[in-house]
Amino acid sequence: MLSDRIPPSPDPAVVPGADLPDPADLHVLAAAIDADAPLIVTLNLRDFPQRVLAPLGIRALHPDAFLLDLHRSAPQAMRQAASATHAKALTLGGDLPLRALLKRAGLPRLAKALA
């Protein structure tokens, strides 16, 4: 069950590197540590400084960079996923071209790569 995998609200005294700029993000770091995750994918890079994450073997990565890396390793799968997402947006009443939709979502480099 998913709720069993979510760590309880962490105590900053027991989470290594708990000196994040925003203590409200501590649960994200605790979850990454608990899951042995090498990455935290976030728009909020400022609150996950490398000086805190590097000693824990974790990196913070912007979603655009993360998805661009996925595109480089599996371009056809990413094109299919982007097309499916665009089709869903169109059915929900959106009328933006895919590139504009991705840019609006904060994914300009992925938009360019898929163009």
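Per residue, the accessible area of the stretch 43-111 comes to 63 Å² when a 1.4 Å probe rolls over the protein heavy atoms. In summary, the convex hull built on the alpha carbon positions of the stretch 32-115 has an orientation-averaged projected area of 6.5 nm².
Rolling a 1.4 angstrom probe over the stretch 24-115 with all protein chains present gives an accessible area of which 60% lies on carbon and sulfur atoms. Less than 5 angstrom separates the built amide H of V41 from those of L61, all sequence-distant by 5 or more or on a different chain.
The values are calculated or read from the model by the stated rules, or taken from the named source; none is laboratory data. A quick note: this is a predicted structure, and the numbers were derived from the prediction, not measured. Keep in mind that these areas ignore ligands, DNA and RNA; they rest on the heavy atoms of the full protein, side chains included. Shrake-Rupley method; radii C 1.70, N 1.55, O 1.52, S 1.80 Å.
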